[in-house]
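**Student:** If you scroll down you'll find the structure; I have some questions about it.
Please treat every number below as a calculation from the coordinates, not as lab data. Since this is a predicted model, take the numbers as computed values, not measurements. Every residue, glycine as well, gets a Cβ built from its backbone with ideal geometry; the counts of neighbours run over all protein chains shown.
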Amino acid sequence: MKRLFLSIFTIAAGVSIYASEPWTVERCMQYASEHSHTVRQQQFALDDSRAIKTQAIGAFLPSVYGSTSVQINFGRAINPETNTYTDISTLYNGYGLQASLTVFDGLQRYNQLRMAKANVAMGRSGIMAEKDDVALKVYKAYMDLAYCLGAIDHTSKKRDESLALLHQTEVMAEVGQKSDADVAQMRATL
């Protein structure tokens, strides 16, 4: 029965799996939960939450900005020192550095960090919940398959019993112990 489930799982998933032995339902559940697209989406959401948490931690650090500027004049220009025309090339450059640190922002950064930590924890829980959900779906599919196979087996046995009973009723009707109505009833039951 497990072999049949594996082949149906392989057909349904569209994945060819070559194993030396048939997989158990536990192995199928584990494989499905590890390779599920919804689990991967939850993992990507968790990665985003971790990046937001890192940004929230970085908001506590000071901000530093740097800049440079360069200006080159050539040809005829005004000399800024003597305010006369000159024909030489001049090079002006400037450098800037600025740092800032927020002292108090109404606990906004602190609350953003707390929210980011909560989102990371919820992301972890979401991954576990999605893995459990996928494993449960695989197990339910396995149980549905096992039930259907059992129902087919039970129906086949009942059909065989009805065939044997019909044959017995037909023989008894030939001997005269049963009527044609009994034979018709057994055919209808079959």
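**Student:** Please give me, ordered by residue number, the chymotrypsin sites (Phe, Trp or Tyr not before Pro) of the stretch 67-99 that lie in loop per DSSP and have at most 16 other Cβ atoms within 10 Å.
**Tutor:** Listed in order of number, the matching sites are Phe74.
**Student:** Only Lys, Arg, Asp and Glu count, each charged at its Cβ (+1, +1, -1, -1), so figure out the dipole size of the stretch 63-190 about its Cα centre, rounded to 20 debye.
**Tutor:** 580
**Student:** Which whole number in µm²/s is D for the stretch 129-190 by Stokes-Einstein, with the Kirkwood Rh taken over Cα pairs at 20 °C and 1.002 mPa s?
**Tutor:** Once the numbers are plugged in, D ends up at 149 µm²/s.
**Student:** Of Gly150, Tyr31, Leu107, which is farthest towards the positive pole of the chain's charge dipole, taken about the Cα centre with +1 and -1 on the beta-carbons of Lys, Arg and Asp, Glu respectively?
**Tutor:** Leu107
**Student:** Using a Förster distance of 22 angstrom, determine the FRET efficiency expected from the C-beta separation of Gln71 and Gln98, and round it to 0.05.
**Tutor:** 0.60
**Student:** Could you list, bin by bin from short to long, the percent of Cα-Cα pairs of the stretch 91-138 in 10 Å steps?
**Tutor:** All Cα pairs, binned at 10 Å, distribute as 19, 21, 19, 16, 13, 8, 3, 1 percent.
**Student:** What's the extension gain from Arg27 to Val183 if we count 0.36 nm per residue and subtract their Cα-Cα distance?
**Tutor:** Difference between extended and current length: 51.0 nm.
**Student:** Nothing charged except the Cβ atoms of Lys and Arg (+1) and of Asp and Glu (-1): what's the magnitude of the dipole of the stretch 20-74 about its Cα centre? Round to the nearest 20 debye.
**Tutor:** Magnitude of the dipole: close to 240 debye.
**Student:** Principal axes first, then extents: for the Cα atoms of the chain, list largest minus smallest coordinate on each axis, whole Å, largest first.
**Tutor:** The Cα atoms of the chain stretch 140, 45, 36 Å along their principal axes.
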